[in-house]
């Protein structure tokens, strides 16, 4: 393995106390591999990603860099996560010509890349076994034929991640570093590993690990030294400002006390005015309450009156319904009697028809017997007609039935 200048990178954006991870190896790999597309999945603070962008810039590479992830932590408030993202976006502005932050879920972010387009992929440091499997299922199609995948935190203190690396790296071209919680490096093409000079010799691997461990320690020491210097400068500035702060505090106290006295006086006047307004409002509300009570009494009386009227109407309605029932019964009885009368009338009409039939036969027989008798005058004198009404009726009525009387002979 041949070292390059990027292995000695001094990150511009590195916060004290934040793990530097494997920045020296990542920077060395970027200069040696010269990836077309670099993606850091699950970025949060972004120290290692910014160091990678710094390497691309210092080496004048044509690498396009992307930090992709949701910027979400279950144990942190949304406001803090938004602040972290906004801070990283401000620092990323220095590399805006080739670097972009993709704030999206793993699946949505993966859809923004073409298959076979990514040459260098770094997985997140805080994902468990299931999440890492999900990420690789989404992003593996996006890897190029010569891609390299970095899997940090694979040592025994991270059982879930160690299990993932064991399954992911089985029978593959890989190298492993044990320092800084471990780093697994996966090569999609074994030829890429050989081209980079990363032999499988245990001795060479141990030397490379020691080298990058020292380089990482140097970064951490430099960062701690810078932070200590910043703390000393801050203490000096705080000491110089102490007296000014006391003076300003005393002046502010005097102004505040004066303001308090003014506010107390103003407050007393306001309280008096509010008390007066309260009494007036209280009297008005009392009058309104009494009016409402009187109106409620009137309404209760009206409800009682209406209830009594309703009771009377209910009784009258019940009585009317009873009478209607009686009338219905009477009407039904009358209709039955009317039906019986109609039947009787029909019977009488039939009986009368039979009677006239018999009477016609009898009169016809009588007519035949009277043919030899002296003709009866068509018109009898009034006394005679009066004396024989029955005979006249019997002689005249049959003509209505179509028979002739004795005078017609």
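Using a ≥ b ≥ c from the Cα gyration tensor of region 5-200 (square roots of the eigenvalues), is it rounded, prolate or oblate, where a/c under 1.5 gives rounded and otherwise the larger of a/b and b/c decides, a/b for prolate? Walk me through the numbers on the way to the answer.
Working: a/c = 1.34, a/b = 1.14, b/c = 1.18.
Rounded, since a/c falls under 1.5.
Give me the number: length gained by fully extending residue 298 to residue 346, i.e. 0.36 nm times residue separation minus the C-alpha to C-alpha distance, one decimal in nm.
Numbers: separation 48, 0.36 × 48 = 17.28 nm, distance 6.97 nm.
Residue separation times 0.36 nm, minus the Cα-Cα distance, leaves 10.3 nm.
Can you sort 278, 98, 187 so the residue with the fewest Cβ neighbours within 10 Å comes first?
By the 10 Å Cβ count, ascending, the order reads 278, 98, 187.
Which residues among region 63-96 fall inside the zone where the amide N is under 14 Å from a point 7 Å beyond the Cα of residue 134, along Cα→Cβ?
Residues passing the 14 Å test: 69-74.
Between residue 308 and residue 280, how many nm apart are label points set 7 Å from Cα along the C-beta direction?
My value for the distance between the label points is 4.6 nm.
Fewest Cβ neighbours within 10 Å first, please rank 71, 356 accordingly.
If I rank by nearby Cβ atoms, fewest first, I get 356, 71.
What order do you get for 149-158, 73-82 when each peptide is scored by the mean count of other beta carbon atoms within 10 Å, highest first?
The packing order, highest mean first, is 149-158, 73-82.
May I ask you to sort 175, 366 by Cβ crowding, counting other Cβ atoms within 10 Å and putting the fewest first? The partial results should precede the final answer.
Numbers: 175 20, 366 14.
Placing the least packed residue first, the sequence is 366, 175.
At what distance in nm do the modelled label points of residue 98 and residue 248 sit from each other, each positioned 7 Å from its Cα along Cα→Cβ?
Each label point is offset 7 Å from its Cα along the Cβ direction, giving 4.4 nm.
Read-outs throughout are calculated quantities, based only on the coordinates presented, and are distinct from any laboratory measurement. Note that the coordinates shown come from a computational prediction; the quantities given were computed from them, not determined experimentally. Cβ sites come from the backbone with ideal geometry, for glycine too, and all protein chains shown count toward neighbours.
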